[in-house]
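Since the structure comes first, as C-alpha cells, the remarks are kept for the end.
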Amino acid sequence: MKKIDLDSSQLLVLGAAVMVAVVVGMALPVVAALLGDSYARLAALPVLFLLGGVFLFNKRLLLLMVLLLRASGDIVLEATRVGATGASTGLGGAINALVILIALLLFIERPRLLPRKAAVVWLILIAVEAVGVVVTPVPSFGVKMALAFCSYFAVFVCAFYTVRTQDDFRFMVRIIVGSSVIPVIYGLISIALKGAGGISTLRVQSTFTHPNIFAFYLTLVISLGLYVLKSSTFKLSSIQRVSFTAYVGLLAVMLLLTQTRSAWLACFLLFVLYGALFERRYLVYILVLCCLAMLIPSVQQRIMDLDAGNSMANYAKLNSFAWRVLLWDSALKWMSASRYFTGYGVEAFGFYAPLFFPMAGNTEWSAHNVYVQLFFDVGLLGLLAYFAVFYQCFRALLKYYKRDRLAAGILMCALVQYLVVSASDNMLGYLAFNWYFWTAMGMGWSLCSNLERQEKVGIQKSIGPATAPLTPA
C-alpha cells in the first residue's frame, strides 16, 4: 500500500475541515429546532451560505446586490426572525453584519479614501450610542439600535469606495432607482387585490413593514429620479425620457396612496426647493399638482383630519399630530434635569412611556420624533452628535454645489427632507430607507472629496517637486 505524506499546510486544512464538520454537526439540531416549519427560515440558511460565497468572491458585488434588492426584502427578512421579541434576529441581521464587515475591509484596504471629518462625527455618534446601551433599561433593544447605527455608518463608508467618479455616481443612482421596481410592482398588485375594499382607506406599504417607510423611500427615489431626468449626463432618448417620466409619475401616485402626510410634505419641499434653485416654473407645477391632489377624496380626508381632534379633553379623539404633541410634552416634562445631558439610555423612551404618557396603557410607544427620542435616550450630547453628522454632510454637499449644482442640490434637498420628516416619525428605526439615504449622502460627499484630492494633486504637479535644501559648498 502506497504511503501518503501530508505537509503541515495540508494537515492544517484537514484539521480545520474536521473542526467545521463537528461544529456544524453539533449546531444542526439546534438550528433545526429554531427554524421549525417556516419555509422562510428554512431557506435562510442556504441563502446565507450563498451570500457568504459571493462575499468571498467579490465583496463589492455583494454590496451592489444588497442595495439593489434590500428595498424588496423587509417582508421576507422579517419572516426569518428567530428568538425572543427583543433579541430576535434572522437573515437580515446576517446581511447587516456582512455590510459592516465589507465597510471595515474596504477601509482597511484604503483608509485614506474616507475623509477624517466623516469618520470622526460618525464615530462620536456611535460612541454615544454605545454608552447609551450600557445604561439602557432594555439592553436587547438598545444593542439592536446601536448596530443599526453601525450599519448606517457602514453603507455611508462603502459609498466612498464605490463612488469615485461621475460615472460611478450615475451607476449608483441607477442602482437606487432600480431598487424601486420590485416594490412598485408589489404595490400595484396589493392595490389590485385590496383596492376593491375601498381605495380611500387603503394605505400601500408594498414590500416594507409600514406604509411610512415605503413613503419615505419613495421620496428619496423621486428625488434621484428628478436628477436623472434633469441631468444631461444620462443622455436619455426621447422614448426613455417619456417612459422614465411616466415611471416617476407612478412613484408619485404610489406616494399618495401611502397616505403619509409627512412624506407628502417632504416631496412638496423637494419641488419647491428645486424650483427655487433651478427652474421657477416648477413652483407653478407644484401649485397646480397640489390643487389637483386635493380633489382626491383620500387626500382631502387626510388633510382635513388635522383640523379635527385637537382638543385634549378627550384623548380618544385626538388626531395623530395632537397625539404626538401630547406624547412629546409628557416625555419632556417627565424627564429629570439631571438626565438632560446623557439621557436614560438607547431605546429607553418606549420603556418609560407607560409611566409618563397618559394614553400609553401597557403599550411602549415610540417617540415619533427623532429629536425628542435622541434627547430622551442619549441626551443633549447624543442630539448634538447626531446634528454634527448632518452638518458635516451639508458642508460637503455645499462645497460640491460649486462644481455640480444639480447633483449637490438634489442631495441637499433630500437631506432637508430627512430632517423635516424626522420631526414626526421614527426615522431611526427604518433600516432599509436609512441605508439608501446614507448611501446617497456618502456618494455626494465622496465626489466632493475626490475632486478636492484631484485638485490638490494638480496643484502639486504644477508646482513641481520640492526643491532640495541648499548645502554649503
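FYI, it's all coordinate maths here, none of it is from the lab. Worth saying up front: this structure is predicted, and the values here are computed from it rather than measured. Here the Cβ positions follow ideal geometry from the backbone for every residue, glycine too, while neighbour counts run over all protein chains shown.
Of note:
- Cα-centre dipole for region 36-454 with unit charges at Cβ (Lys and Arg positive, Asp and Glu negative), debye to 20: 1200 debye
- Chain lengthening between residue 97 and residue 423 when straightened (0.36 nm per residue, less Cα-Cα): 114.4 nm
- Cβ-defined net charge surrounding residue 275, 15 Å radius [Lys, Arg +1; Asp, Glu -1]: +3
- Taking 0.36 nm per residue of sequence separation and removing the Cα-Cα distance, the residue 293/residue 209 pair yields an extension gain of 27.7 nm.
- Flagged links, alpha-carbon separation over 19 Å, of 59/144; 59/399; 399/456; 117/399: 59/144; 59/399
- Applying the Karplus relation 6.51 cos²θ - 1.76 cosθ + 1.60 with θ = phi - 60° to region 433-443 yields 3J(HN,Hα) values of 4, 4, 4, 5, 5, 6, 4, 4, 5, x, 4 Hz, where x marks Gly and Pro.
- Extension gain from residue 190 to residue 47, taking 0.36 nm per residue of separation minus the Cα-Cα distance: 48.9 nm
- Loop-resident sites, region 244-284, for trypsin sites (Lys or Arg not before Pro), counting at most 15 other Cβ within 10 Å (DSSP): 280
- Scattering from region 36-454 was approximated by placing one identical point on each alpha carbon and applying the Debye formula without solvent; log10 I(q)/I(0) at 0.08, 0.11, 0.13 1/Å stands at -0.45, -0.90, -1.29.
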